[in-house]
Amino acid sequence: MKKIGWFSVVLILTLSIGAGLMIGCGSDGGDDGGTSGGISYTGLTTQVIIDENNAEDIAIRAYQGGSAGSAISGVDAIQAGEDNQDGRSRTLILSRALENALYRVDIASIGDVAFSAMQPHTPEQGNCGGSMSMSFTISVGDETAFNGNFNFNKYCEYGTTLSGSVSFSGEINLSTGEIMQFSMSFDALTVDSCIDSFTADGDIHMNSDGSADTITMDMLMRDNSTGKVYWVENYKMILTDGKDYIDINVSGKFYDPDYGYVVLSTDKTMRIYDGDDWISRGTLICTGDIGTMARLIVRSSGEYHVDADTDGDGTYDNNTGPMNWSEMKCK
């Protein structure tokens, strides 16, 4: 793994599957889905059959992590002419904010000082408001272990505001500044960014083998404008660093309360350039029941289209034509 840059821990979410977050499947009718930190998934838990009417909506929500920034979503918002789909991933927004918060304290610079009890860190002020307090312990060895807690009080950095608590732990190589493994756990962490507001409950785990980073996550996301809860399960993301970009390959399940779940995969590696909000190329496949599929294809930053295989024969028989994410309302 590279020394930390803003996207080195990207989708630190987009984020461990295990003891931290236990989410159970509800009935086929979605009456008793999983619960975590006061957020419950009560939507459909059957695998959706993709058709020409739901393909675009499902593909967009699967990429964004729900109906990002909108009380109406996907194709409905676009057809209605609403400027409320900004094309960004909620996991990307949150990962940026968490990474920025962690690296306001340079753990590597602490050197060979070990703390056996939680040490408070001077509260940090956000560059656009609010504050963040932090405490941590450090255990020094060949690989220095650290753990601690954040408390965010409307902490705003670069237009994203965090409210709530996060616990973290990991191992860092002090000589290189590289984080070898990294975990975060949070209950009811509220994220406000531009027109979007959501509350996330979940766990993140990241491992690096030197050539790529593997991130796993299991997370609930409640859209605070609609109250709908979305769920990513057994989600794995493999990130490979380029000179000024990150290549992303994903797998796992995405649950939409209105439709049920789809199985995610990457047909063509997705790429996002440093500083961008949108992926610039790549293909995300959403597989439904009886072999039906929705394929989100991105050909340039902000432009995409969605294909649908509605009968499961392996041939895409429906296409939205070229579409564009709306211009962002705020920075």
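Quick note: the coordinates plus some simple rules give every number you see, no bench work behind them. Note that the structure is a prediction, hence the values are computed from the model and not measured. No Cβ is skipped: glycine too gets one built from the backbone with ideal geometry, and neighbour counts run over all protein chains shown.
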query: What nm value, rounded to one decimal, do you get for the distance between Asp51 and Ala212 when each label is placed 7 Å out toward the C-beta?
result: 3.7 nm
- prompt: Amide H to amide H, which residues 5 or more places from Arg281 or on other chains are under 5 Å from it, using H placed in the peptide plane?
  reply: Arg271
message: At a 10 angstrom cut-off on C-beta neighbours, averaged per residue, how do the peptides 195-206, 282-293 rank from highest to lowest?
response: 195-206, 282-293
- line: Quick calc: nm separation of the 7 Å Cα→Cβ label points for Ser135 and Asp241 -> 3.3 nm
query: How many nm separate the modelled label positions at Ser197 and Cys128, each set 7 Å beyond the Cα in the direction of the Cβ?
result: 1.5 nm
- prompt: Using θ = phi - 60° and the Karplus curve 6.51 cos²θ - 1.76 cosθ + 1.60, what whole-Hz ³J(HN,Hα) does each residue of the stretch 254-268 get, with Gly and Pro shown as x?
  reply: 10, 9, 10, x, 7, 10, x, 10, 10, 9, 9, 7, 10, 6, 10
message: What would the Debye equation give as log₁₀ I(q)/I(0) for the stretch 35-322 at q = 0.07, 0.12, 0.13 Å⁻¹, counting only Cα atoms as equal point scatterers?
response: -0.28, -0.79, -0.92
query: About the Cα centre of the stretch 35-322, what is the dipole size in debye to 20, counting +1 per Lys and Arg Cβ and -1 per Asp and Glu Cβ, all else neutral?
result: 540 debye
- prompt: Given H placed on each backbone N at 1.01 Å, which residues far from Gly126 in sequence or on other chains put an amide H within less than 5 Å of it?
  reply: Ser131, Met132, Cys156
